[in-house]
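Below is one structure; the comments refer to it alone.
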Amino acid sequence: FEPETGKVLWKTKTAGSVTGLFFMNGVVYLIGGDGNLYAVDGKQGTIIWKMRSPDDDGRSRSFFTGKVVGANGKIYARSFLNLYCYKAAR
């Protein structure tokens with residue numbers, strides 16, 4: 001939103017609540033209520049990519065949870081079973 005006026009600049013739908021927003025290089029990273037990891041363009045609000053946890057084999061339902069963090073062109077997210085490192089979208 002625009003701080004001076006409170007005007008909403010963009011919004012993006014995700015399933016359920018959102019946790020642990022992380023912003024780096026113009027991209028907002030978040031974990032949606034659906035357990036997916038999202039990369040969202042910070043200017044447009046468009047989803048660059050979203051992914052399920054590699055641990056989710058349909059039986060274990062181990063999805064991403066908690067906060068997303070990052071540094072040096074990499075982002076980090078955890079599931080119930082593992083910690084993952086991904087190349088940042090930008």
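Residue-level analysis places K74 among those that are basic (K, R), over 16 Å from G32 (Cβ atoms) and surrounded by 12 or more Cβ atoms within 10 Å (Cβ to Cβ).
Quick check on the range 1-45: of everything there that is under 16 Å from K67 (Cα atoms) and among the small types (G, A, S), which residue is surrounded by the most Cβ atoms within 10 Å (Cβ to Cβ)? The residue in question is A39.
Look at G20 and say whether it is at pLDDT below 95 and within 11 Å of the chain's Cα centre (by Cα). Yes, satisfied. Selection of the range 16-74 for residues being of a type in the set (S, T, N, Q), within 23 Å of F1 (Cβ to Cβ) and not in a strand (DSSP E or B) yields S17, N25, Q44, T46. For the range 50-66, the count of residues that are at positive phi, open to solvent by 40 Å² or more (accessible area, probe 1.4 Å) and not aromatic (F, W, Y) is nonzero.
The values are calculated or read from the model by the stated rules, or taken from the named source; none is laboratory data. What you see is a predicted model; the values in this text were computed from it and never measured. No Cβ is skipped: glycine too gets one built from the backbone with ideal geometry, and neighbour counts run over all protein chains shown. All accessible areas refer to the heavy atoms of the entire protein, side chains included, with ligands and DNA or RNA removed. Shrake-Rupley method; radii C 1.70, N 1.55, O 1.52, S 1.80 Å.
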